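Undergrad: Before I ask anything, let me first share the structure, which is written out below as structure tokens.
The values are calculated or read from the model by the stated rules, or taken from the named source; none is laboratory data. If you're wondering where the values come from, they're calculated on a predicted model, not measured in any experiment. All Cβ positions, even for glycine, are placed from backbone atoms using ideal geometry, and neighbour counts span all protein chains on display. These area figures cover heavy atoms from the full protein model, side chains too; ligands, DNA and RNA do not enter into them. Shrake-Rupley method; radii C 1.70, N 1.55, O 1.52, S 1.80 Å.
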Amino acid sequence: MKAVRIHQDGGPEVLRYEEVPDPEAGPDDVLVELRAASLNHLDLWIRKGLPSVPKPRILGADGAGVVAGTEERVVINPGIEHDGRITVVGEHSDGTHAELIAVPRSQVYPIPDDLTFEEAAAFPLVFETAYRMLATKARLAEGEWILIWGIGGGVATASLAIAKALGARAVVTSSSDAKLARARELGADATINHESEDVVAAVKEVTGGGAHVVVDDVGEATWAKSLNAARADGRICVCGATSGPNPPAQLHRIWWKQLTIYGSTMGTRADFEAVYELVASGRVKPVVDEVFPLAEAAAAHERLERGEQLGKIVLRIPG
């Protein structure tokens, strides 16, 4: 089969579109002929170098296709639970940027009839992550305000969709006015250009005192503003730190405002199945940014690294 693999750490140039051995399905596995797979920042981190990931490695956590030899359309839950521990497809095992993958039968779910392969591949990892943050951890309630940084990213667009499905009100930021306009089309109640506007002041004005919940996966560049933009007794959800993991803690703001900080990674099977039902019912819709052929994975990585996307970048896989 054809796949995109890395044999060494580096930039997009280390991605190899090459012939590799077909995977073998075990007794509890199913072989999936992939039709689409999406990119996540996880793929960039692995490509740049995670010591825990052996090489060569096929990248990709998210995928959708058909069960081999059938017309059964399925989407893969990328989080596999083992004795209370979650491993991730594409990080702890070969991933979805390939024509075939073998995964446990329990990890595949029917693709809703109104979703394309590309849309199905766009939701699992980021929607599962966002659902765990907002619903399981922060318990975002109807009518509450949520602040979402950097609306172009996959977790951010998933957070917006889930927040609206839960009946919350959302204020989102971006440095791109075009992305902010698109966010309003997707249901954002308020938008802020974080390069030209005072985010904290704007959030407090729009929300009447601050956000009940803040989603921050940026880290050092936004942390102080996240603490300031949250209202008293607010909740801040952290699932990443793309600008750096070690901002000044500002502990006085945490105790003075009695804030709750939630760290969150991926999700459980229950989280995936809950958000799967939201997708299947049409209450949330995955956002596809741009689709590239599998052979052009390097160009897709470059687009993700430049931060040009709004929603998920998807790879179309030949059948």
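Undergrad: Would you be so kind as to identify which of Pro104, Ala165, Gly143 lies farthest towards the positive end of the dipole of the chain, taking Lys and Arg as +1 and Asp and Glu as -1 on Cβ and the Cα centre as origin?
TA: Gly143
Undergrad: Let me ask another. Which residues' amide hydrogens lie under 5 Å from the amide hydrogen of Leu259, considering only partners 5 or more residues apart or on another chain, with H built in the peptide plane?
TA: The answer is Asp233.
Undergrad: Next question. Expressed in nm², what is the orientationally averaged projection area of the convex hull enclosing the Cα positions of the chain? Numbers along the way, then the final one.
TA: Numbers: hull surface 62.8 nm².
That works out to 15.7 nm², a quarter of the Cα hull's surface.
Undergrad: Using only helices, what value at 222 nm comes out for the chain when you add -39,500 (n - 2.57) per DSSP H run of length 4 or more and divide by the total residues, to the nearest 500 deg cm²/dmol? If you can, show how the numbers build up before the last one.
TA: Values: 10 runs with 87 residues, N = 319.
Calculated from helices alone, the mean residue ellipticity at 222 nm is -7500 deg cm²/dmol.
Undergrad: In debye to the nearest 20, how big a dipole does the stretch 1-118 give about its Cα centre with +1 on each Lys and Arg Cβ and -1 on each Asp and Glu Cβ?
TA: On the way: 11 positive and 21 negative charges, 98 e Å.
Here the size comes out at about 480 debye.
Undergrad: Any idea what Rg and Dmax come out to for the stretch 57-188 if you just take the C-alpha atoms, in Å?
TA: Considering the stretch 57-188 through its Cα atoms, Rg and Dmax are 16.5, 47 Å.
Undergrad: A further question follows. Run the numbers for Glu13 and Ala232: contour at 0.36 nm per residue of separation, minus the present Cα-Cα distance, in nm.
TA: Numbers: separation 219, 0.36 × 219 = 78.84 nm, distance 4.72 nm.
Here the answer is 74.1 nm.
Undergrad: Now for a separate question. What is the set of long-range amide H partners of Asp289 at a cut-off below 5 Å, with H atoms built 1.01 Å from backbone N?
TA: Under 5 Å from the amide H of Asp289 lie the amide H atoms of Lys312, Ile313, Val314, each far enough along the sequence or on another chain.
Undergrad: Kyte-Doolittle mean at least 0.5 and Cα extent at least 15 Å along the axis: which DSSP H helices of the chain qualify?
TA: On the way: long enough: 154-165 (17 Å, 1.31); 269-280 (16 Å, 0.34).
Correct list, ordered by number: 154-165.
Undergrad: Separate question: Ranked highest first by the average count of other Cβ atoms within 10 Å around their residues, in what order do 230-240, 277-287 fall? Don't skip to the answer; put the middle values down first.
TA: Values: 230-240: 20.5, 277-287: 17.5.
Highest-to-lowest ranking by the protection proxy: 230-240, 277-287.
Undergrad: About its Cα centre, what dipole magnitude does the chain give when the only charges are +1 on Lys and Arg Cβ and -1 on Asp and Glu Cβ, stated in debye to the nearest 20? Intermediate results must be reported in sequence, preceding the final value.
TA: Working: 32 positive and 45 negative charges, 211 e Å.
In total the dipole reaches around 1020 debye.
Undergrad: Also, quick follow-up: Modelled label-to-label distance, Ala295 and Glu277, 7 Å Cα→beta-carbon offset: nm?
TA: 4.4
Undergrad: Additional query: Would you tally the net charge around Val66, using a Cβ to Cβ cut-off of less than 13 Å, leaving Val66 out, and scoring K and R as +1, D and E as -1? Mind dumping the intermediate values first?
TA: On the way: positive: Arg35, Arg73; negative: Glu33, Glu71, Glu72, Glu99.
Once positives and negatives cancel, what remains is -2.
Undergrad: Let me ask something else. What FRET efficiency would be calculated for the residue pair Met1, His82, taking the C-beta separation as r and a Förster radius of 25 Å, to the nearest 0.05?
TA: On the way: r = 26 Å, r/R0 = 1.04.
Plugging the Cβ-Cβ distance into 1/(1 + (r/R0)^6) gives 0.45.
Undergrad: Using mean Cβ contacts within 10 Å as the protection proxy, how do 31-39, 81-89, 260-268 order, highest first? Intermediate values should be presented prior to the final figure.
TA: On the way: 31-39: 25.6, 81-89: 12.4, 260-268: 17.0.
Going from most to least packed, we get 31-39, 260-268, 81-89.
Undergrad: What ranking of Asp177, Asp289 comes out by heavy-atom accessible area, probe 1.4 Å, highest first? Display every interim value, and only then the final one.
TA: On the way: Asp177 105, Asp289 45 Å².
The ranking, largest first, comes out as Asp177, Asp289.
Undergrad: Follow-up question, since we're still on this one. Amide H of Glu220: which non-local residues (sequence gap of 5 or more, or other chain) have their own amide H closer than 5 Å, using H built in the peptide plane?
TA: The answer is Ser243, Gly244, Asn246.
Undergrad: Note down the magnitude of the dipole of the stretch 221-318 about its Cα centre, charges +1 on Lys and Arg C-beta and -1 on Asp and Glu C-beta and zero elsewhere, to the nearest 20 debye. Let's see the in-between values first.
TA: Working: 12 positive and 10 negative charges, 94 e Å.
Dipole of the stretch 221-318, to the nearest 20 debye: 460 debye.
Undergrad: Given the peptides 14-21, 106-113, 61-68, arrange them by the average over their residues of other C-beta atoms within 10 Å, most packed first. Walk me through the intermediate numbers first.
TA: Details: 14-21: 14.4, 106-113: 16.2, 61-68: 24.6.
Going by the mean number of other Cβ atoms within 10 Å, highest first, we get 61-68, 106-113, 14-21.
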